[in-house]
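Each value in this text was obtained by applying a stated rule to the coordinates, not by laboratory testing. Everything numeric here is computed off the predicted structure, so don't read it as measured data. Because the Cβ atoms are built from the backbone with ideal geometry, glycine has one as well, and the counts that use them run over all protein chains shown.
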Amino acid sequence: MTYIVLDDEQARVVAETPDSIELRDRTGQHLGYVAHGFTPEDIAIAKQRKVSGETCWSTQEVLENLHSLEK
């Protein structure tokens, strides 16, 4: 697994921020997010989707499909 060591200030911000944190480089280019679990809104959306009757796939099914595209 790749990892990045944060300085003390960066580690403090990550530890103390309850929301997701957007990561950017020095030029402002978006790099990704650090997520802190699920919000009540995330859970409500997931529950709605689960009972919606829409087609869904397991993680394993998605990974198998992605691997089949590499061949």
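Among residues other than Ala15 with Cβ under 15 Å from its Cβ, the summed charge is -4 (Lys and Arg +1, Asp and Glu -1).
Dividing the summed -39500 (n - 2.57) terms of all DSSP H runs of n ≥ 4 by the residue count of the chain sets its mean residue ellipticity at 222 nm at -13500 deg cm²/dmol. Each of Val5, Val14 was scored by other Cβ atoms within 10 Å of its Cβ. Arranged with the fewest first, they read Val5, Val14. What separates the Cα centres of segment 1-23 and segment 33-62 is a distance of 24 Å. With Cα atoms as the point set, the radius of gyration and Dmax of segment 1-52 evaluate to 14.8, 45 Å.
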